[in-house]
Amino acid sequence: MKTFLILFLSAVASSAAAQTVSSPDGRLCVTIRTGATTTYSVTFDGQTVINPSAVGLIANYANLADNLTHVKADVDTVRNSYDMNRTKASHSDYVATRLRCSMQNPDGWPIDIVFQLSDNNIAMRYEIAKRKDKETGSIRVMEEKTAFSFADGTTAFVCPQSDPMIGWKRTKPSYEEEYNYDAPLDTKSRYGQGWTFPCLFRNGSNWILVSETGVDSRYCASHLSDFTANTSSIAFPMPEENNGNGTSEPAFALPGNTPWRTLTIGDNLAPIAQTTIMYDVVEPRYETEHDYKFGRGTWSWILWQDNSICYEDQVKYIDLAAAMGYEYVLVDDWWDVQIGRKENPVRGHDIEDVIRYAKSKGVDVFLWYSSSGYWNDIVQGPINCMDNSIVRKREMRWMQKMGVKGIKVDFFGGDKQETMRLYEEILSDADDAGLMVIFHGCTLPRGWERMYPNYVGSEAVLASENLYFDPRFCEKEAENTCTHPFIRNAVGAMEFGGCFMNRHMSRDNKRRHERITTDLFELATTVLFQNPIQNFALAPNNLTDAPAVCMDYLRNVPTTWDETRLLGGYPGKNVAMARRHGNQWYIAVVNAADEPFQFTLDTKLLGIDPASLQMYSGGNEPAVTSPKVKKGKITVKVSKNDGIVFLTK
Ligand code: CA
């Protein structure tokens, strides 16, 4: 392992200094320079990725960005090996070079700027000490100067931040916007509010994914501002978010730290799709005494919508889950009114009857809740249960007594610290009651799979519901599918709720608009999209009207993975990805581009015995075959909106 520490002292001013550190493999380098502005810059294989960009922040009590001077620099190595049970990988061995630049402003106020460089990844954060000679015991961060100034020619694959308090029942922002692809950096964002994490950038053959992790109740979630002259900065939530309640500027006690901002850099997309940096630099926030089991689920709402949240239809979806061997059924919004609680049964049944019926069929239950709240106009019930700790704990005790296994909480108020605190409190209370948690209408998860033992996944994407709502999203389904493995789903679980076997987006499978993608494409999404519980968009009629090959595949597909390998593709165009569950590999190949996607699977690369390979192909007339493999390789051509899945026996 090579670690460089070079210290230059300027001939004219002892405050101007530069430190360079590199990743264990030596390919990634960060240089910090002090002066009127303190900056960092990044090179990969000697090529500039990030030009000198500002670091530092403005505290309520001091300017911790300008005219900082060096107190000392420490370099050491960080090692962290750990296991995970619900992400793209089951094990990570994190090794990083750490540079800690201890700085102070002209009045002696301290700020440490910490960089950790592992191969292909940079994590950076600020650590603020408490001064021994001052009373100041907390910080309010008024502004972060943290900037990202990209090299010329860089283009962006990014999603705009929404205006606050717009959209359905004034619930935005909720990370449900459309992507720009390969866009010049000076492209203005749709709302003028910048771009939500994660943001992917390309410069020549180099790829850079920018995100953040370790965000909890002690900070807000951030995003990137619009670019000016190739430069973007960390931006805080808008004051109007959360119906104006709570501040945009985060605060924490001293000593304390900001979340980690991360850059994942490679000369191809594999380090991006395979990164575990969001888990490598965070720690579990609490231990659990519960044994959470992940798996597959059915949910009536996606195709049968609000009217299906009644006892009779939930029985049909429980029966579907049982027929598929699935672990869960998700009962969505309005159950408190349309199925009823014990106090207000509807047509002689209530929600406890649904839970009991599910149990009798070997199926466990997730219940939907609104996060509301004084931050939006949601009337879909149950409301006002998750926003208040007294009601929330009472509700969760009831669920624990009934044997409910999880909740889906929807429609959060944005990215302010106040909302981050709500996420954390829901997770913590839910763990006390042995409940897993899915978030919808929500922010991006930021390391939460590792931080919270009962966290399952978040929507934070234009998810399957949009395919139901609008044929335009069906037209774009393939493009979006070929985007998420490189961006949104690269940094955290994605509760997409897809894999439709219906041809039409309706209950009778005849009316309304058609799905554009093939059945095989839909099967491939079960591998491409990673979430430890997958609620598939199946309907009871699929037991008889969908191809048996597909339904058999869906009975057996796992939802947790030991290893993920990106094998090919380009954001928005196509993707080939392999995931391993135990000894079994699943390899999914899909295409969104007009021209066919030619892909060669090299079985030696994954250590696969060619004789063990099965191929699911045939578009809407799916078949499973033993493919001919020559010298360990097989080449396939995948048409637009189609997919192929290989798996080992
Ligand atoms: Ca949504």
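Within this structure, residue 522 fails the test of being away from the ligand (no atom under 16 Å from the Cβ), charged (D, E, K, R), within 25 Å of residue 264 (Cβ to Cβ) and outside any loop (DSSP other than H, G, I, E, B).
Yes/no matrix, rows are residues, columns are (1) over 28 Å from residue 153 (Cα atoms); (2) at pLDDT 95 or above; (3) surrounded by 16 or more Cβ atoms within 10 Å (Cβ to Cβ); (4) not charged (D, E, K, R):
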| residue | (1), (2), (3), (4) |
| --- | --- |
| 53 | no, yes, yes, yes |
| 70 | yes, no, yes, yes |
| 85 | yes, yes, no, yes |
| 90 | yes, yes, yes, yes |
| 108 | yes, yes, no, yes |
| 118 | no, yes, yes, yes |
| 121 | no, yes, yes, yes |
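Could you check residue 469 against (1) within 15 Å of the ligand (Cβ to nearest atom); (2) open to solvent by less than 10 Å² (accessible area, probe 1.4 Å); (3) farther than 22 Å from residue 156 by Cβ and say which number it fails? Only one criterion is unmet by residue 469, namely (2). Consider segment 531-575. How many of its residues are touching a Pro at 6+ places or on another chain (Cβ under 9 Å), over 21 Å from residue 85 (Cα atoms) and in a loop (DSSP other than H, G, I, E, B)? Count: 2.
Of the residues making up segment 400-410, just one is open to solvent by less than 10 Å² (accessible area, probe 1.4 Å) and either assigned to a helix (DSSP H, G or I) or charged (D, E, K, R) (or both), namely 408. Just name the residue that is farthest from the ligand (Cβ to nearest atom) out of those in segment 163-180 that are of a type in the set (Phe, Trp, Tyr) and buried (at least 16 other Cβ atoms within 10 Å of the Cβ). Only one residue tops the list, namely 179. Listed by position, the strands (runs of 3 or more DSSP E) contained in segment 24-86 that have at least 3 residues being hydrophobic (A, V, I, L, M, F, W, C) are 28-33, 47-54, 57-59, 69-83. Hey, among the residues in segment 411-444 that are surrounded by fewer than 24 Cβ atoms within 10 Å (Cβ to Cβ) and charged (D, E, K, R), which one's farthest from the ligand (Cβ to nearest atom)? Restricting to residues being surrounded by fewer than 24 Cβ atoms within 10 Å (Cβ to Cβ) and charged (D, E, K, R), the top hit is 432.
Step by step: first the residues of segment 589-616, then only those that are hydroxyl-bearing (Ser, Thr, Tyr) and outside any strand (DSSP E or B), then the one that is surrounded by the fewest Cβ atoms within 10 Å (Cβ to Cβ). Which residue is that? Talk me through it step by step, then tell me what you get.
Of all residues in segment 589-616, those hydroxyl-bearing (Ser, Thr, Tyr) come to 600, 603, 612, 616.
Subsequent filtering for residues that are outside any strand (DSSP E or B) retains 603, 612.
Numbers: 603: 21, 612: 14.
The extreme case among them is 612.
Anything in segment 485-519 that is assigned to a loop (DSSP other than H, G, I, E, B) and touching a His at 6+ places or on another chain (Cβ under 8 Å)? List them, or say none. Lay out the reasoning, then the answer.
First, the residues of segment 485-519 that are assigned to a loop (DSSP other than H, G, I, E, B): 487, 491-493, 495-503, 505-513, 515-518.
Result: 495, 496, 505, 510, 511, 512, 513, 515.
Looking at this structure, is residue 447 within 14 Å of the ligand (Cβ to nearest atom) and either in the same structural domain as residue 222 (by TED's automatic domain parsing) or open to solvent by less than 10 Å² (accessible area, probe 1.4 Å) (or both)? Step through it out loud before you land on a result.
On the way: within 14 Å of the ligand (Cβ to nearest atom): no; either in the same structural domain as residue 222 (by TED's automatic domain parsing) or open to solvent by less than 10 Å² (accessible area, probe 1.4 Å) (or both): yes.
For residue 447, the condition - within 14 Å of the ligand (Cβ to nearest atom) and either in the same structural domain as residue 222 (by TED's automatic domain parsing) or open to solvent by less than 10 Å² (accessible area, probe 1.4 Å) (or both) - is not met.
Looking only at segment 539-560, decide whether some residue is of a type outside the set (Phe, Trp, Tyr) and closer than 27 Å to residue 267 by Cβ. Even if it seems obvious, please write down each step before you answer.
Quick first cut of segment 539-560, residues of a type outside the set (Phe, Trp, Tyr) only: 539-552, 554-560.
Filter once more, keeping what is closer than 27 Å to residue 267 by Cβ: none.
Among the residues of segment 539-560, not one is of a type outside the set (Phe, Trp, Tyr) and closer than 27 Å to residue 267 by Cβ, which makes the answer no.
Within segment 581-588, can one find any residue that is of a type in the set (Ser, Thr, Tyr), touching a Phe, Trp or Tyr at 6+ places or on another chain (Cβ under 7 Å) and part of a strand (DSSP E or B)? Break it down into steps so the answer makes sense when it comes.
Taking segment 581-588 first, the residues of a type in the set (Ser, Thr, Tyr) are 586.
Next cut, touching a Phe, Trp or Tyr at 6+ places or on another chain (Cβ under 7 Å) only: none.
The answer is no, given that none of the residues of segment 581-588 is of a type in the set (Ser, Thr, Tyr), touching a Phe, Trp or Tyr at 6+ places or on another chain (Cβ under 7 Å) and part of a strand (DSSP E or B).
Scan segment 142-162 for residues that are open to solvent by less than 50 Å² (accessible area, probe 1.4 Å) and either assigned to a loop (DSSP other than H, G, I, E, B) or under 28 Å from residue 372 (Cβ atoms) (or both) and jot them down. Explain how you work it out, then say what you get.
Within segment 142-162, the first condition is being open to solvent by less than 50 Å² (accessible area, probe 1.4 Å), and the residues that meet it are 144, 146-151, 154-162.
Within segment 142-162, 146, 151, 154, 159, 160, 161, 162 qualify.
Sub-9 Å Cβ pairs linking a first residue in segment 169-188 that is closer than 30 Å to residue 383 by Cβ to a second residue that is within 14 Å of the ligand (Cβ to nearest atom) and charged (D, E, K, R), at least 6 apart or interchain, are 171/410; 174/459; 175/459; 175/488; 176/459, ordered by first then second residue.
Within segment 456-466, being more than 9 Å from the ligand (Cβ to nearest atom) and open to solvent by 10 Å² or more (accessible area, probe 1.4 Å) holds for no residue.
When you scan segment 621-639, how many residues do you find that are surrounded by fewer than 14 Cβ atoms within 10 Å (Cβ to Cβ) and in a loop (DSSP other than H, G, I, E, B)? Walk me through how you get there before you give the answer.
Of the residues in segment 621-639, the ones surrounded by fewer than 14 Cβ atoms within 10 Å (Cβ to Cβ) are 621, 623, 625-626, 628, 630-633, 635, 637.
Those still in the list that are in a loop (DSSP other than H, G, I, E, B) too: 621, 626, 628, 631-632.
Summing the residues that are surrounded by fewer than 14 Cβ atoms within 10 Å (Cβ to Cβ) and in a loop (DSSP other than H, G, I, E, B) in segment 621-639 gives 5.
Evaluating residue 372 against the criteria (1) of a type in the set (Ser, Thr, Tyr); (2) touching a residue at least 12 places away in the same chain (Cβ under 8 Å); (3) out of contact with any Phe, Trp or Tyr (no Cβ under 7 Å at 6 or more places or on another chain) leaves one unmet condition, (3).
Could you pull out the residue among 80, 60 that is closer than 22 Å to residue 270 by Cβ and surrounded by fewer than 17 Cβ atoms within 10 Å (Cβ to Cβ)? Can you show your working first?
Values: 60 fails: closer than 22 Å to residue 270 by Cβ.
Checking each option against the conditions leaves just 80.
All conditions in (1) open to solvent by less than 10 Å² (accessible area, probe 1.4 Å); (2) of a type in the set (A, V, I, L, M); (3) free of Cβ contacts under 8 Å to residues at least 60 places away in the same chain; (4) not in a helix (DSSP H, G or I) hold for residue 383, with the sole exception of (1). Can you confirm whether segment 216-234 contains a residue that is within 16 Å of the ligand (Cβ to nearest atom), surrounded by 21 or more Cβ atoms within 10 Å (Cβ to Cβ) and assigned to a strand (DSSP E or B)? The answer is no; no qualifying residue exists.
The values are calculated or read from the model by the stated rules, or taken from the named source; none is laboratory data. Quantities reported herein were computed from a predicted structural model and do not represent experimental measurements. Cβ: placed from backbone, ideal geometry, glycine included. Neighbour counts: every protein chain shown. All accessible areas refer to the heavy atoms of the entire protein, side chains included, with ligands and DNA or RNA removed. Shrake-Rupley method; radii C 1.70, N 1.55, O 1.52, S 1.80 Å.
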